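Each remark here refers to the structure printed beneath this line.
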Amino acid sequence: MERTVRVSSFTHFFVADTRSSWFWLIVRIYLGWEWVMAGWEKYTNPAWVGSSAGAGISGFVQGALAKTGGLHPDVQWWYADFLQATVLAHPIIWSYAITFGEIAVGLGLIAGCLTGVAAFFGVFMNLNFMLAGTVSVNPIMALLGISVILARRVAGYIGLDYWVCRRSRMKGVGQPG
């Protein structure tokens, strides 16, 4: 016996109907622009990329580690251990990885190329920033990124995904539902 799950027409429109691709284009460009600008700000800052590379991430991690105390700390002990053992041990590598990762996510979203993958890595970075005790725009960007991931079938339809997926004959990405 085959069972089917019914999806509301509202949900279907936003995650599977190519007519919603214009909406997702606007979301992608906004989100991508935010990522590119965050990465560009780091790229032009010598504390992140350049002569003092690693200083920016080291300062960020030190600030996060200061938020580990109290009854309800902003940064959990297990994440603080990760920051100390992994990020502080190799600040230059992490500094470059974050900078170029932010730019790559932004360009992927703006171009609509591997949109779901770009959004996933954007959400992953947002999650890490939030685990480090930084709220700022991260919850909003994470929510938009998760939405793009859920709508990946049409989110990159107006973009390179349409051509990449058409050429590679990938199913479910960039193809109408």
Out of the residues in segment 8-51 that are more than 21 Å from the chain's Cα centre (by Cα) and open to solvent by 90 Å² or more (accessible area, probe 1.4 Å), state the one that is nearest to TRP94 (Cα to Cα). SER51
Only one of VAL105, VAL87, VAL75 that is of a type in the set (A, V, I, L, M, F, W, C), open to solvent by less than 20 Å² (accessible area, probe 1.4 Å) and closer than 15 Å to SER58 by Cα: VAL87
State all residues of segment 126-153 that are β-branched (Val, Ile, Thr) and under 21 Å from VAL61 (Cα atoms); if no residue qualifies, say none. THR134, VAL135, VAL137
Return the pairs, sorted by first residue and then second, in which the second residue is of a type in the set (Lys, Arg) and buried (at least 18 other Cβ atoms within 10 Å of the Cβ), the first residue lies in segment 151-172 and is under 20 Å from HIS12 (Cβ atoms) and at pLDDT 90 or above, the beta carbons are less than 7 Å apart, and the residues are 6+ apart or on different chains. ALA155/ARG28
If a residue has to be open to solvent by 80 Å² or more (accessible area, probe 1.4 Å) and modelled with pLDDT of 95 or more to count, how many in segment 118-145 make the cut? 6
With the checklist (1) within 26 Å of ALA155 (Cα to Cα); (2) buried (at least 16 other Cβ atoms within 10 Å of the Cβ); (3) small (Gly, Ala, Ser) in hand, flag the one item SER58 doesn't pass. (1)
Just to confirm my filter: which helices (runs of 4 or more DSSP H) fall fully inside segment 1-105 and include at least 3 residues that are among the charged types (D, E, K, R) and in contact (Cβ under 8 Å) with a residue 60 or more places away in the chain? 21-43
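The values are calculated or read from the model by the stated rules, or taken from the named source; none is laboratory data. Predicted model, so just to flag it, every value in this text is computed and none were measured. Positions of Cβ are generated from backbone atoms using ideal geometry, with glycine treated the same way; all protein chains shown enter the neighbour counts. Calculation scope for accessible area: heavy atoms of the full protein, side chains included, ligands and nucleic acids excluded. Shrake-Rupley method; radii C 1.70, N 1.55, O 1.52, S 1.80 Å.
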